[in-house]
Structures are given as C-alpha cells and as structure tokens.
Amino acid sequence: MKKTLLFIFAICAILANLSAQEKYYTVPFEKILDKDYSRVWRYIAKEKNVDHLKNLPENSIYAVYSMTVNSDLPAPKDSIDYNYYKGNKIYFYTAIDKEKNEKYVIVDKNNNYDFSDDEMYTFSLEGAPDFQGRREKIQVNVNATYYIKNNSIPTILNIQIEPLEKSMSTRGGDITEDDKLLDIAVWDLSYFSGQCSVNEIALDFRSDSRSMILSDINNNFTFSVAALNDPTFIYQSSLKIGDSLEVAGKILKLEKVYKNTLFLKDMGAASVYGGMVGKQFPEELLVKNIKSKKEFNLRKEIEGKYVFIDFWGSWCGPCIQSVPKLVEMYAKIGKRKDVAVIGLAAEEERDLEKLSGLIKDKKIKWANYWFLRKEYLKADNPCQKMTVVAYPTYIILDKSGKVVYRESSSFKAEEACQFFLNLIEKK
C-alpha cells in the first residue's frame, strides 16, 4: 500500500512539473469602436411587412430595410410575432422627395419599433444616380439584442450608413430606379483587437468581424494575425482554437480563450521544413495527378533539381494573368534535366475540367498537379506545409531542397522568373 501511494505521488509530481514547464503567451483583447478602416459590410433586406413599426413618416416613395443581428436563430412558433426576438433586427427608414430632390434616412437607434423619437437625416440627390463620387456617411450607436441559446444579451452596435451607396439587394434582378435611390449601405465599425510580443516580434491579433455583436471574445471566434515589426512574417487569417502559427522560430498553438484573453501555447521549436526562405522542402508533400486523381509525394519528383513552384488556381485572375511570364521562362529552360517547373493548383474536384482546359489554352507545358482548396487548414495540406495564404505564390528551391526565394503577388512574376534563371546559370 505504501509503495503504491509513493508511486502515485511520484507520477503526480512529474505531471505537475511538466505542467509547470508549459509556456503560454497571453493576448488580452478589447473591443474597438469608431475605426472607419476596420469596417465590415452588413447585409440588409427590404421589409415587406411594416405593420409592427410605428410613426413612419408619410412619403409617397419610401422603403424600410432591416439588418439581422444573429441570423442563425430558429424561427419563432408564431412567424408574425415581432417581439419574440425583439432587438435582433435593426430597422432603417429611407424616403425620397423628387420635387425637393432630397433623400431622408432614419435609424431606429433605440430599437423600440417607433421612428418618431429618432433623428431624420437629409441628403441632396444632386448627381444621382452616381452622385459624382460623393461619400456621405452617418455614424450611429444602435441598441440591439444578441440571442444565443436561451440567453438574450443587450449590446450596442457601432454602425456606419452610406445613404448614397448601394447594398447587395439592388445589384441585380428586377430593380427600379427608385429602388436604387432608396437603397443604403450599412457597415459595422467595431472589432476586437489584442497584442502580444514573442521574442521581440510584436503580433497584432484581430477577431472575426462577423462576431462583433458580442462584448467578449470566445472559443468560437476566428482570428487574423500580423507582425507589426517583422516584414518576413506572413499575415494569417481564419485561425481558430486548435490551429497553430510559426513565429520567431517557435510553433504557437491557439489553445483557448478565457476571460477575454487568447492563450497561445508554446509548442517548441519550429520545424526545419516548410515554405519560408531558409527552410527545407518537406519530406512529404502530397498532391494529386489531374487526370488520374491519384495522390503522390511531390518530394520524389523534384529531388536533386532546381525547382520553381507556382501556387495558383483556375479561379485566380492574377495567377492567370501572370502565366505568359512563366511560359516565356519555360521556353528557355524546359529541356534541362536539372530543372523542374511545377504548378500546384488549389482546386475543387468539380473544377478539374476547367483547370485542364486552361492549361491547354494557355499553352502551359510544365507539370501541373492539384490539391483540395477547401482543405487548406488541414495540417497535411500543401497550403499549411508551405504557408501559402495568397495566390499566386512563387517558391524557388536550390538543388539541396532549400527555399531560396518566395513572393506572393502576380506583380512579382517577372522578378521570380529572373531570379530562377540567374540561379540555374550560377550552378
């Protein structure tokens, strides 16, 4: 019994010591308001039934639009019970007076379904329908309610309205000129921001703007991150809890959110493999043959060669525009056995025929393979292994498999091709 207790105590001591050795970086977040540069477009819909709204001003040409706070709620038992999720919609009244050549906008800021106690904003319609570049703005704080599960959370939204702009609701279909004049664009100006430093690299985190209705971040948020003082760091977005990023030679895992703070777990030194300059090409990079769709390890095909890799896609306009530069380069070096030019296309399987047609039409003679675009966040996806977040991305390897060049822009196509030509001529 005594030996058993000693054994248990020893195990507990070891586990406690391991836990104590774990290192975390903390990122405290705060909600930021009134930042025009961070605005996020919000969808609005034209209301067909406005019987529940009071004191709408009398105008012959008017419309009422609404913006839904949480669109994932189950429908109420009574579909016309507008108080069931009261506060989940924000209402906007717009009207035009053609004789006065004016447009009027009212926001139900206190969300009481009554427009008599809200300010009316007046704008000239001079220059309609294009308004000659006029960008008038209204910025308001609006009371709203966020419903989640069985809870209702009062909140304030900081929104911006452009009364002379258009929303997606009037960009197609059977739309009249009056519809276009009545329309408005609505933007969310609030977001969450947090900073931390890792080995003197200042990281700036932003939260997923679609969740700006909440007062705190939580484990369901997604994040973007940029380095404020490291130009080699690649901006990353759509990171969620459980994902990892590489900073200053470390792998940091987004571990959890607690009390409005994001915890980053230090997972130790980063791999020597990857897609950044100075890294070695991964021992395994799985891609697929376009015709057979069979998966294979690209590493075996490029071993011992100078390699030019073009991450692109049939859906990527800038990628396609840069193809002629690559065609010109390949015409000079295509017959060399010590050189490999590879196209890696991020695609969905349904688009492979389009990809094949594009390769034929653009006279692309170098080898092209593909991988699933929708699985870009999976650990074994080429995007993750090579840290590709933008297209096109050009990556060049020397004969040892080391990354010696990397750029992500179609404007860099000529530079990338010239770098590769210079590299293989030095040998």
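So in the range 286-426, what percent of DSSP beta bridges are antiparallel if you round to the nearest 5?
Details: 14 of 27 bridges.
Bridges in the range 286-426 are about 50 percent antiparallel.
Helix-derived [θ] at 222 nm for the chain: sum -39500 (n - 2.57) over DSSP H runs of at least 4, divide by residue count, nearest 500? Present the calculation step by step, with values, prior to reporting the outcome.
Working: 8 runs with 75 residues, N = 427.
After summing the helix terms and dividing by the residues of the chain, the value is -5000 deg cm²/dmol.
According to a simple spin-label model (label point 7 Å from Cα along Cα-to-Cβ), what is the distance in nm between Arg299 and Arg135?
Going from the Arg135 label point to the Arg299 one covers 4.9 nm.
What shape does the chain take by its C-alpha gyration tensor, where a ≥ b ≥ c are the square roots of the eigenvalues and a/c under 1.5 counts as rounded, a/b above b/c as prolate, and the rest as oblate? Could the numbers behind the result be given before it?
Values: a/c = 2.56, a/b = 1.42, b/c = 1.81.
It is oblate, given that a/c is not under 1.5 and a/b is not larger than b/c.
If I build a Gaussian network model for the chain, linking alpha-carbon pairs within less than 10 angstrom, which residue out of Asp178, Asp243, Asp204 has the largest mean-square fluctuation?
Residue with maximal mean-square fluctuation among Asp178, Asp243, Asp204: Asp178.
Would you mind putting 328-339, 297-308 in packing order, based on average other-beta-carbon counts within 10 Å, highest first?
Details: 328-339: 13.4, 297-308: 16.9.
Highest to lowest by the protection proxy: 297-308, 328-339.
Collect residues whose amide H, placed 1.01 Å from N in the peptide plane, falls under 5 Å from the amide H of Tyr391; neighbours closer than 5 in sequence don't count.
none
Over 29 Å between Cα atoms, which of Lys374/Lys426; Lys293/Lys378; Lys288/Lys360; Lys288/Lys362; Lys48/Lys374 qualify?
On the way: Lys374/Lys426 39 Å; Lys293/Lys378 19 Å; Lys288/Lys360 18 Å; Lys288/Lys362 21 Å; Lys48/Lys374 37 Å.
Result: Lys374/Lys426; Lys48/Lys374 exceed 29 Å.
Between the range 359-415 and the range 322-355, what is the C-alpha centre distance in whole Å?
10 Å
With the Cα gyration tensor of the range 286-426 giving a ≥ b ≥ c as the square roots of its eigenvalues, does the rule (a/c under 1.5 for rounded; else a/b larger than b/c for prolate; else oblate) give rounded, prolate or oblate? Each step should come with its number before you reach the end.
On the way: a/c = 1.44, a/b = 1.26, b/c = 1.14.
Verdict is rounded for the range 286-426.
Measuring from label point to label point, each 7 Å out along Cα→Cβ, what is the Asn151 to Glu349 span in nm?
Roughly 4.1 nm, to one decimal.
Give the residues of the range 235-249 whose amide nitrogen is closer than 17 Å to a point set 7 Å from the Cα of Lys23 in the direction of its Cβ.
245-249
Can you sort Thr232, Thr261 so the residue with the fewest Cβ neighbours within 10 Å comes first?
Ranking Thr232, Thr261 by Cβ neighbours within 10 Å, fewest first, gives Thr232, Thr261.
Any read-out appearing in this document is the output of simple, stated calculations on the displayed coordinates, not a laboratory observation. All figures in this text were calculated on a predicted structure; none of them were measured in a lab. When we count neighbours, we look across all protein chains shown, and the Cβ atoms used for this are built from the backbone with ideal geometry, even at glycine.
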